[in-house]
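Every number in this text was worked out from the coordinates using simple rules, so none of it is lab data. Computed from a prediction, not measured in an experiment: that's the story for all the values here. Glycine gets a Cβ as well: all are built from the backbone with ideal geometry, and neighbour counts include every protein chain shown.
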Amino acid sequence: MLQNIPSKKVRLNVQIPFELKDKLTWASVIEGKKMSVLVRESIEQELRRIEKKVFEEKMKNAYLDLARENLEISKDFKYSDAENLQKSKEHG
């Protein structure tokens, strides 16, 4: 996950459509922030979204793997449970 740790900054040159630059200029004025700050915040937000998506997918897969494992374990005990039920009926 992203952390708010001060780090060395690097320059990144990116090409964007002219219309997007106009919107970015407008948003910069509205928000009272430099365009570079808006771009950086947008990148950080998108990266957090992607990290969350990856984490949720890993959790889902782990849950499904555990569910499959539990089904296999329950299959192993299917007959022993039936035997125990039969024995309790005989003694009950």
statement: Too long for a 27 Å Cα-Cα cut-off, among Lys23/Lys58; Lys33/Lys60; Lys8/Lys33; Lys52/Lys75; Lys9/Lys58, are Lys23/Lys58; Lys33/Lys60; Lys52/Lys75; Lys9/Lys58
- prompt: Local charge sum around Met59 (other residues, Cβ-Cβ under 14 Å, Lys/Arg +1, Asp/Glu -1)?
  reply: 0
